[in-house]
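Read the figures in this text as sums done on the coordinates, not as results from a lab. All values reported here derive from a predicted model rather than from experimental measurement. Please note: Cβ atoms are built from the backbone with ideal geometry, for glycine as well, and neighbour counts cover all protein chains shown.
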Amino acid sequence: MLLNRPPQSRRRRRALLAGVVTVATAALGLGLSTQFASAQTTLRGAADELGKDIGVAVNYNLLQNDATYRNTVATEFNSLTAENAMKMDALQPSQGNFTFAQGDAIVDFAQANNQTVHGHTLVWHSQSPSWVQNLSGTALQTAMVDHINTVMDHYEGDVQSWDVVNEVVSDNNGALRDSFWLRGLGEGYITTAFQTARAADPSVDLYMNDYSIDGINAKSDKTYEIAQGLAAQNLIDGVGFQAHLILGQVPSNMEANLQRFVDLGLKVRVTELDIRIQMPADASELQQQANDYRRVTEICAALADCSGVTVWGLRDGDSWVPDVFPGEGAPLLFNDDYSKKPAYDAVLDALGGDGSGDPDPTDPTTPPTTPPPTGDGCTATLSVQSPWNTGATYAGTVTAGQALNGWTVTWTWPGSERISNAWSVEGNLTGPTVTATNAGYNGSLAAGQSTTFGFNITKPDGATASVPTVTCTAS
Ligand code: G2I
């Protein structure tokens with residue numbers, strides 16, 4: 001449910017015209033106050049407070065089939081990138097035949113959970129269908145322009161930024177990559193792609209994205225030159241630094257490198273962060289990895305024009321790394337059982353949250369949590385995550401006492417508090433008495449399992465954010 005709706009999207013308008021019932025879209029940008037010291041204990045809570053994106057690349061199949069995956073993605077991240085579902089081979093497997101279902105499912109999930117979407121990617125030499133690789137000349141140019149126009153039109157209002165071109169610079173000599181795009185269209189194809197994208201949706205941030213450009217080197221120099229040319233024509237908004245890194249090798253000049261792109265008037269973004277380790281990884285390597293993650297996140301946190309950090313997958317076992325670098329792995333923030341690695345705590349700390357894993361009793365803004373009330377089949381707690389004068393963000397937790405197929409949490413606000421937007425929960429939310437039921441994906445819980453939801457309130461009278469007594473019932 002949402003009150004601050006973004007402009008209605010093309011996709012949604014089309015669905016409504018077709019008579020399809022859709023769920024409400026999400027409010028974007030929480031705009032939380034930073035006047036209070038943070039005791040945030042989720043990545044997204046800390047990142048929201050900092051005004052940054054903390055993103056994750058999501059796998060469509062896992063999002064469909066794994067409730068814990070969905071719950072972790074919803075709880076910990078405020079931005080999503082489709083790991084594969086918005087690439088050209090996924091969206092246009094044969095010419096003129098667009099297949100948006102998987103990308104749409106990811107957008108729907110993001111909107112239901114108040115998350116933004118970074119689109120990846122429109123023009124890339126890899127994961128492009130063979131039909132386009134076999135075109136040349138005008139036919140190739142028309143295919144590129146049609147693809148950009150159709151995809152950006154479909155996701156207008158749903159995707160806030162796009163990787164327009166991906167990996168266009170060669171690895172070794174600072175030249176353009178020798179791809180079918182370059183061979184077929186000449187070096188002007190990059191400008192054409194950005195011109196097309198700018199015209200297709202002027203409201204979206206346009207990025208060029210690449211790997212091994214995190215430090216200052218021949219490849220990032222060439223990227224800089226291209227970005228400078230595009231920036232002079234107002235065709236680009238940002239540069240994405242993939243940051244597929246090796247343990248202990250965060251470039252020493254990464255800050256200076258990102259800063260030079262910011263000095264062009266561009267945003268920067270860490271778009272695909274992972275840090276791989278020679279397997280098996282021991283405790284000291286996992287600690288080194290945490291230090292590396294901390295450093296990259298701190299670099300972005302310190303730069304006003306760094307829009308955020310996206311990690312390239314949720315759990316180590318989900319990562320592309322072992323397939324491509326045999327013997328290397330463990331590059332992400334979560335273990336395969338969803339437990340958090342030291343790197344998770346380091347990222348949380350670097351975002352300004354409390355990565356110790358413990359409540360901070362010395363923090364005067366650490367709010368009380370309701371004692372677990374008794375209920376029928378489940379218990380629930382509410383806690384204030386971050387209050388400001390006329391509003392607050394809350395987290396709710398539901399714990400099942402028995403296997404559940406759904407739950408309802410109810411409470412009555414004692415004062416002027418009213419929910420303005422919420423995620424991972426549905427129901428009658430906006431009035432003085434709240435009836436909050438599970439979303440479609442977090443109602444089924446095993447005995448002892450917990451799930452979380454969240455919401456923002458307004459409290460026009462400026463009173464202290466209260467923690468009402470709640471009741472949880474199985475439904
Ligand atoms: O290679 C790592 C990343 C480098 N930057 C651009 C990213 O788009 C790229 O992501 C990876 C995905 O993480 C992989 O999941 O891109 C790969 C393709 O180049 C993806 O791998 C492919 C497999 O190679 C295919 O066998 C598989 O069918 O994923 C496909 C879809 O699951």
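In this label model, V262 and T412 are separated by 5.1 nm, measuring between points 7 Å along each Cα→Cβ vector.
Straight-distance candidates among the aspartates and glutamates for linking to K222, with alpha-carbon spacing under 18 Å and chain neighbours fewer than 8 residues away dropped: D163, E167, D171, D178, E187, D210, D214, D237, E255, D263. Size descriptors for the range 273-336 (Cα atoms only): Rg and Dmax, in that order, 12.5, 37 Å.
Can you check what the net charge comes to around M279, using other residues whose Cβ is under 12 Å from the Cβ of M279 (Lys, Arg +1; Asp, Glu -1)? Around M279, the charge tally is -3. Between T464 and Q402, the modelled label-to-label distance comes to 3.8 nm, taking each label 7 Å out from Cα in the direction of the beta carbon. Sorted ascending by nearby beta carbons within 10 Å, beginning with the fewest, Y338, Y60 become Y338, Y60. Here the chain carries DSSP beta bridges of which approximately 55% are antiparallel, counting only pairs with both residues inside. In terms of Cα atoms, the Rg and Dmax of the range 426-475 work out to 13.3, 40 Å.
Beyond a 31 Å Cα-Cα separation, which of these cross-linked pairs lie in this structure: K340/K459; K52/K341; K52/K219? The answer is K340/K459.
May I ask you to derive the FRET efficiency for N335 and T138 from their Cβ-Cβ distance with R0 = 41 Å, giving the value to the nearest 0.05? Mind dumping the intermediate values first?
Working: r = 51 Å, r/R0 = 1.24.
FRET efficiency, N335 to T138: 0.20.
Here E255, E76 are placed in order of increasing Cβ neighbour count within 10 Å, fewest first, which gives E255, E76. Its residues counted as N, the chain yields a C-alpha radius of gyration over 2.2 N^0.38 Å of 0.99.
For the range 106-216, report the % of Cα-Cα distances exceeding 21 Å. The partial results should precede the final answer.
Details: 2376 of 6105 pairs.
Looking at the range 106-216, the distances longer than 21 Å represent 39 percent of pairs.
Find the percent of Cα-Cα distances in the range 183-327 that exceed 27 Å, and round it to a whole number.
Details: 2942 of 10440 pairs.
Every Cα pair in the range 183-327 considered, those over 27 Å come to 28 percent.
The H on the amide N of K267, modeled in the peptide plane, is under 5 Å from the matching H of G238, V239, each at least 5 residues off or on a different chain.
Among S212, T390, Q288, whose Cα sits farthest toward the positive end of the charge dipole of the chain (+1 at Cβ of Lys/Arg, -1 at Cβ of Asp/Glu, about the Cα centre)? Going by the Cα projections, it comes out as T390.
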